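The values are calculated or read from the model by the stated rules, or taken from the named source; none is laboratory data. Note that the structure is predicted; figures quoted are calculated from it, not measured. Cβ sites come from the backbone with ideal geometry, for glycine too, and all protein chains shown count toward neighbours.
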Amino acid sequence: MGDVVQVLHADNLRNLLRLYQLIWRDVAQAEVANQSLMLELGEHCQREGRDYASIEKTIVTRFDPGPSGERADQEVERLGRFSGIGVQAALGYLVGCEDPRVMEVMATKVIPQVERL
């Protein structure tokens, strides 16, 4: 998000506030908001003469594959949708990380599939 803020800082406070509105929307609208944010970032880069491809697009999210991997496929699909709109990295927290099984699921069922996206 640092690059997003840095790029938008060149404009004005109104664009920065728009960014925060897009980021903090209702979860049900998150996918549309994320697509909108990427489009807006691309348009802003074009106006500013900055190469959109030079910005690493990163999200902050929560990962919840479940202790037995019951939601691992949904996590891979969700992260794949982010990848599909140009997101290159995902940072966040792992729900249930105190349970070693959750870490194992991320390591064996989610991360290897996401690496191939």
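So, in the range 59-79, of the ones that are under 11 Å from the mean Cα position of the chain (by Cα) and surrounded by 13 or more Cβ atoms within 10 Å (Cβ to Cβ), which residue ends up nearest to Leu37 (Cα to Cα)?
Looking only at the range 59-79, we keep the residues that are under 11 Å from the mean Cα position of the chain (by Cα), and these are 59-62, 78-79.
Pick out the ones that are also surrounded by 13 or more Cβ atoms within 10 Å (Cβ to Cβ) and you get 59, 61, 78-79.
Values: Ile59: 11, Thr61: 15, Arg78: 17, Leu79: 16 Å.
This residue is Ile59.
Let me confirm something: among Glu43, Glu56, which residue is free of Cβ contacts under 8 Å to residues at least 12 places away in the same chain, outside any strand (DSSP E or B) and surrounded by fewer than 14 Cβ atoms within 10 Å (Cβ to Cβ)?
Working: Glu56 fails: free of Cβ contacts under 8 Å to residues at least 12 places away in the same chain.
Answer to the selection: Glu43.
Return the residues of the range 73-117 that are free of Cβ contacts under 8 Å to residues at least 24 places away in the same chain and within 10 Å of Phe63 (Cβ to Cβ); say none if nothing qualifies.
Result: Arg78, Cys97, Ile111.
Taking Lys109 and the conditions (1) out of contact with any helix residue (DSSP H, G or I) (no Cβ under 8 Å at 6 or more places or on another chain); (2) modelled with pLDDT of 95 or more; (3) surrounded by 15 or more Cβ atoms within 10 Å (Cβ to Cβ), which numbered condition does it fall short on, given that it satisfies the others?
All conditions pass for Lys109, except number (1).
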